[in-house]
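To start, the structure itself, in structure tokens.
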């Protein structure tokens, strides 16, 4: 994997800019096939979560792919409906069939942004996770973790796209050495038909999905698009053979509907 396909993290590790997300993919054959196809097609980053209920399928897909465990970056997330992050990660490792995950995230700040963090630090200290971070945390919540903890989070995974640019959150995170990672980069599909995105895609001979994912990558933001179709998984992977022009990046930047917010969510969904 080349330097332009990874992002360095503040703890000395690095994360591939492209990953496969498996949110809402049923455990079993669909998850196994999606993960195996992605790894066969060159992906080296798989993102799952305890709340998704498909960690077992992710592990099986990894084994069936034949790709060495050491070559794959695996993320899972602590379900904050549970009590102990380290204990829950032990269960995740058994389901995944691995000794360690590359990244362990607090899935959302239920019970307050600090509630789970001591257990996350314990998980890292015990070697269960190489890196730890959070998801769905605002700039203020990140600051609380940084002030209270002894190990800083390296990632904040949030809803992020050309339409949800969240400049304030990106700037606040980057000041502290925290990388913003994008989920719902395609707006769960609703952004693909936007005529402004389609016009750019048609002009440069790419798909709207490729344009939106490439926009994130050019901002240095890791993406984890979900698909259960091999051809779409392959299409989404073709992000590093082209670049968007400065003019196209500016046009996509202008689509932001959040007014440059430093919030991770427009509303609390948990």
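Every number here is computed from the coordinates shown, using simple stated rules; none is lab data. Fair warning: this is a prediction, and the values are worked out from it, not measured in the lab. Because the Cβ atoms are built from the backbone with ideal geometry, glycine has one as well, and the counts that use them run over all protein chains shown.
Per the listing 170, 154, 158, the residue uniquely closer than 22 Å to residue 100 by Cβ and surrounded by 18 or more Cβ atoms within 10 Å (Cβ to Cβ) is 154.
Got a number for residues in the stretch 187-205 being over 23 Å from residue 138 (Cβ atoms) and either in contact (Cβ under 8 Å) with a residue 24 or more places away in the chain or buried (at least 22 other Cβ atoms within 10 Å of the Cβ) (or both)? Here the count works out to 5.
Of all the listed residues (252, 213), the sole one being within 14 Å of residue 186 (Cα to Cα), in a helix (DSSP H, G or I) and in contact with a strand residue (DSSP E or B) (Cβ under 9 Å, 6 or more places away or on another chain) is 213.
Within the stretch 223-252, if we keep just the residues that are closer than 26 Å to residue 141 by Cα and touching a helix residue (DSSP H, G or I) at 6+ places or on another chain (Cβ under 8 Å), the residue that is surrounded by the fewest Cβ atoms within 10 Å (Cβ to Cβ) turns out to be 225.
Scanning the stretch 10-27 for residues that are crowded, with 20+ Cβ neighbours inside 10 Å and either on the phi > 0 side of the Ramachandran plot or more than 13 Å from the chain's Cα centre (by Cα) (or both) yields a single hit, 25. So for the stretch 91-110 (the condition being out of contact with any strand residue (DSSP E or B) (no Cβ under 8 Å at 6 or more places or on another chain) and either closer than 23 Å to residue 166 by Cβ or buried (at least 22 other Cβ atoms within 10 Å of the Cβ) (or both)), does at least one residue qualify? Checked the stretch 91-110: at least one residue is out of contact with any strand residue (DSSP E or B) (no Cβ under 8 Å at 6 or more places or on another chain) and either closer than 23 Å to residue 166 by Cβ or buried (at least 22 other Cβ atoms within 10 Å of the Cβ) (or both).
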